[in-house]
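Heads up: the structure comes next, in structure tokens.
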């Protein structure tokens, strides 16, 4: 089968990964790696390459006529568990894994409609219900052995927090991060054992063929489902603000998610504050000295809810 085609690395992807030696090496190897797997798995390219924040995606057709996508990404601690998670879910509410190379992390995946993400659904109420229903299915699955554990992630966050907090300029923000850390500390002994997606927002759900909507791009983690809620809470943040009552809009989403997933509200609140803490630590590591306004409002709203 003739699989030859020029593989161009998108400039946006190069900008993201070209900041260090390992990223530049991965980018340089991408065209050759794509050609290798097109040949190895007898794939025929049939569309322009696409990309996300961390991967190059090539639409392909297998020798048996099945349409798929070849996903190439730089190996990381976050995405290392994706093949195991996808095999465990086995296509139930999420894209199906068709093949995988353990050494490189290259995956062959079911093809979905990349032109129709859930973010294209104009009614936010409809969109959040679709997301909640999918998330409920995903976190109903027990996590398999071999995945990263929320207990370890949370313990590492608590260890990093004291050194990170002084980087924030605003004392109120420093206090907020401490309160998020306290909420995580309370839950550290009950981290949960469900299979988490870790990044389920509207753009990580695409229209499918065997199901109307399917999740993509998991970063699987074993833990409490409450740790999976935050990406859904700050989706389309401009629309949340435009309601004129952002805390009420956040609570509406939070209540729908916790009811659909049948979660304990105390634990869900604490682990959502844990995600705010995680985002804060990542931002500080990137050199930022202030928290994102959406993260502040979500944390303050949930902390207030804990008191009433």
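All of the numbers you see were taken from the coordinates with simple rules; none came from a lab. Fair warning: this is a prediction, and the values are worked out from it, not measured in the lab. Note that we place each Cβ from the backbone using ideal geometry, even for glycine, and neighbour counts take in every protein chain shown.
Across every direction, the projection of the convex hull enclosing the Cα atoms of the range 209-308 has a mean area of 8.2 nm².
What is the range 116-307's relative contact order, in percent, from Cα pairs under 8 angstrom and six or more apart in sequence? Provide the component values of the computation, followed by the final result.
Values: 272 pairs, mean separation 57.1, N = 192.
The normalised contact order for the range 116-307 reaches 30 percent.
Evaluated over the Cα positions of the chain, the convex hull gives a direction-averaged projected area, one quarter of its surface, of 16.3 nm². The spread of Cα positions in the range 130-242, taken along each principal axis and listed from longest to shortest, comes to 50, 42, 18 Å. The gain in end-to-end length when the residue 264 to residue 179 segment is fully stretched comes to 28.6 nm, 0.36 nm per residue minus the alpha carbon separation. Rounded to two decimals, the Cα radius of gyration of the range 50-171 over 2.2 N^0.38 Å is 1.33.
Set the Förster radius R0 to 35 Å, insert the Cβ-Cβ distance between residue 75 and residue 245 as r into 1/(1 + (r/R0)^6), and round the FRET efficiency to 0.05.
Working: r = 43 Å, r/R0 = 1.24.
Calculated value: 0.20.
Distance between the modelled labels on residue 255 and residue 122, one decimal in nanometres: 2.6 nm (7 Å Cα→Cβ projection). Axis angle, to the nearest 10 degrees, between helix 171-187 and the longest C-alpha principal axis of the chain: 80 degrees.
Hull surface divided by four, with the convex hull built on the Cα atoms of the range 11-111: how many nm²?
On the way: hull surface 26.1 nm².
It is 6.5 nm².
Could you calculate the contour length gain from residue 169 to residue 114, that is, 0.36 nm times the residue separation minus the distance between their Cα atoms, to one decimal place in nm? Walk me through the intermediate numbers first.
Working: separation 55, 0.36 × 55 = 19.80 nm, distance 4.03 nm.
Difference between extended and current length: 15.8 nm.
Label positions at residue 46 and residue 209, each projected 7 Å from the Cα along the C-beta direction, are separated by 0.8 nm.
Helix 21-40 axis versus longest C-alpha principal axis of the chain: approximately 50°, rounded to the nearest ten.
Modelled spin labels at residue 101 and residue 24, positioned 7 Å past Cα toward Cβ, are 2.4 nm from each other. Note the angle between two axes, namely the Cα long axis of helix 124-139 and the longest principal axis of the Cα atoms of the chain, as a number of degrees from 0 to 90, rounded to the nearest 10. Once rounded, one gets 80 degrees.
Tell me what the chain gives for mean residue ellipticity at 222 nm when only DSSP H runs of n ≥ 4 count, each as -39,500 (n - 2.57), the sum divided by the residue total, rounded to 500 deg cm²/dmol. If you can, show how the numbers build up before the last one.
On the way: 11 runs with 145 residues, N = 308.
Value at 222 nm, helices only, nearest 500: -15000 deg cm²/dmol.
Put in order of Cβ neighbour count within 10 Å, fewest first, the listed residues 304, 197 become 304, 197.
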